[in-house]
Amino acid sequence: MARSRFKEHPRCTARFGEVLQHARDTAVSIEECQKAIHNAKSIVDYIDACMKQSNNLHPIREGLLEDITAALISKSIREFRVKQIECDSSESDFTPEQSDLEILGRLYYSAITRSEHCLQEVGLTVDHCGFTTLLALCRAVSDSSLKYTKDGERLDAAVSNHFNGITGCRFLFSPQHGIENKVMTTGRSRRLVVAFSSLGNGLVRHEFGGSLAKINNQLYADGLHDDVCNVLFVADPSQSWYQKDSRGTFDGFEEYEQTIRAATRPYKRVSCVGDSMGGSGSLLFSHLATESVVAFSPQVDLEGDVHVSRYDMTPIIRHRYYKRLLKSVEQAVANEVNVFVHRGLEKSDIRHTDLLLSHLSEMSSLQIIQYEDCPHHQIAVHLKQQGKLAQILQSNLINRIM
């Protein structure tokens, strides 16, 4: 199934009019164009009928949002989802794109099937286009009326939890991660690595598990038991740069910080790592690190960035994120935490890291590492393909060369 079919992810779409325009503009056949026109007309007719029935009070049937939410959190759809994906996806660094796209297609199919009665009620096509349009309509209604705000937040959380590769598991703790023979006698690990997830290939998954396991096994084989790390995998299934919480509100920073702070408290050595959105997460929570922070191609300023597709992230939310990230990194480097930012030659990545560098120009513990042989954004994948990722991680996180 082609990537372009899922480029406009429903949880990343806040304006229902834009979805209709997108469906029309990206139609590659007469049939798809006709579907887009049909769905647009159906929405207008449905809203008109609801407004007449409720004397211009309600643009949709009361309870429609709750019905879609119930369909997405039902026991049967949860069981189906678990069969498609594994909760612990931390054994590899990054999942191949084709694998995730196939799973994403099945998740779309199950969501469309479970919500078919709602699609038929509104008069939409029972397919990806109709389903996305239905969610966008609900999002638009919840954004425009306080009456539907809470229902919209619950629906957003349900959609986010359905369309991810970790079955709703935002946090996953892996003690002595990857050690094949866990018979260590040295007690609790003194080192914790917090690994933040990126957007992935349509499904959010825990990342860097493969390289961190390789590092731990090598350290253990070398007798360096004190350097073996526990890992806290952190993911953001709502793809909001760690701004949305589990309830679907933009209070996610506080929720994530509270959990990460509690997890890091017992450790003297705490490091953070992440790629792209995950790299942003590692910088956003760098004030909780005590040793090092490793960010691959992070986004520092979300305003106008091509990777940020959430239209409901208002300028205020984006600015708040930007100020928090800068303050966090400033605190980290002031505490002599080493911050390593790896980037390729993509212009947007250079802009982000230059912003960070200009803000912290006098801080010697911030290092920008540029790779002239990587013209694109996916620097971590690039280094993985070259067989260099584990070595770089060990050097940056543990200050030991493999």
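The values are calculated or read from the model by the stated rules, or taken from the named source; none is laboratory data. Keep in mind that this is a model prediction, so the values were computed, not measured. All Cβ positions, even for glycine, are placed from backbone atoms using ideal geometry, and neighbour counts span all protein chains on display. All accessible areas refer to the heavy atoms of the entire protein, side chains included, with ligands and DNA or RNA removed. Shrake-Rupley method; radii C 1.70, N 1.55, O 1.52, S 1.80 Å.
Things worth noting here:
- Residues (closer than 17 Å to residue 170 by Cα and either open to solvent by 10 Å² or more (accessible area, probe 1.4 Å) or aliphatic (A, V, I, L, M) (or both)) located in the stretch 277-289: 277, 284
- Meets criteria (of a type in the set (Gly, Ala, Ser), out of contact with any Pro (no Cβ under 9 Å at 6 or more places or on another chain) and closer than 25 Å to residue 342 by Cα) for residue 210: yes
- Where residue 154 falls short, out of the listed (1) of a type outside the set (Phe, Trp, Tyr); (2) closer than 22 Å to residue 102 by Cα; (3) at pLDDT below 90; (4) in contact with a Lys or Arg (Cβ under 9 Å, 6 or more places away or on another chain): (2)
- Hey, residue 44 at pLDDT below 85 and open to solvent by 70 Å² or more (accessible area, probe 1.4 Å) or not: no
- Residue match in the stretch 290-300 (condition: polar (S, T, N, Q), surrounded by fewer than 24 Cβ atoms within 10 Å (Cβ to Cβ) and over 14 Å from residue 329 (Cβ atoms)): yes
- The stretch 302-342 - residue that is modelled with pLDDT under 90, open to solvent by less than 20 Å² (accessible area, probe 1.4 Å) and not charged (D, E, K, R) and, of those, nearest to the chain's Cα centre (by Cα): 308
- Filtered by the rule that a residue be in contact (Cβ under 8 Å) with a residue 60 or more places away in the chain and of a type in the set (Asp, Glu), the stretch 187-227 gives 207, 227.
- Residue pairs whose Cβ atoms lie under 8 Å apart, sitting 6 or more positions apart in sequence or on different chains, and linking a residue in the stretch 51-78 that is small (Gly, Ala, Ser) to a partner that is open to solvent by 40 Å² or more (accessible area, probe 1.4 Å), are 71/114; 74/114; 76/114.
- Residues being acidic (Asp, Glu), open to solvent by 50 Å² or more (accessible area, probe 1.4 Å) and over 14 Å from residue 64 (Cβ atoms) - total across the stretch 117-154: 1
- Within the stretch 327-350, being outside any strand (DSSP E or B) and in contact (Cβ under 8 Å) with a residue 40 or more places away in the chain holds for 327, 328, 329, 331, 332, 335, 337, 344, 346, 348, 349.
- Pairs linking a residue in the stretch 33-44 that is on the phi < 0 side of the Ramachandran plot to a residue that is among the β-branched types (Val, Ile, Thr) and modelled with pLDDT under 90, with Cβ atoms under 7 Å and 6 or more positions apart or on different chains, are 39/133; 43/133.
- When the test is whether a residue is crowded, with 19+ Cβ neighbours inside 10 Å, out of contact with any Cys (no Cβ under 7 Å at 6 or more places or on another chain), within 19 Å of residue 287 (Cβ to Cβ) and modelled with pLDDT of 90 or more, residue 355 does not pass it.
- Meets criteria (in contact with a Pro (Cβ under 7 Å, 6 or more places away or on another chain) and not in a loop (DSSP other than H, G, I, E, B)) for residue 82: no
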